[in-house]
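I have placed the structure first, in the form of structure tokens, so that the comments after it can refer back to it.
All of the numbers you see were taken from the coordinates with simple rules; none came from a lab. Keep in mind the model is a prediction, meaning the values are calculated, not measured. Every residue, glycine as well, gets a Cβ built from its backbone with ideal geometry; the counts of neighbours run over all protein chains shown.
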């Protein structure tokens, strides 16, 4: 799970670097803002899942 996450992060970083070379700053900003929103939602979902999992184990 964690390994896949870091691989995705690395791939995202490379993709981000390529995008950075070809895109206008405004477009980049919009895409990054969207990515952050998705990340925030994912983090919230993970937190909820962890809590649920912990409750099941107890």
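Key figures
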quantity	calculated
Residue 14 versus residue 41: modelled label distance in nm, points set 7 Å from Cα along the beta carbon direction	2.7 nm
Cβ-Cβ FRET estimate between residue 30 and residue 3, R0 fixed at 25 Å, reported to 0.05	0.25
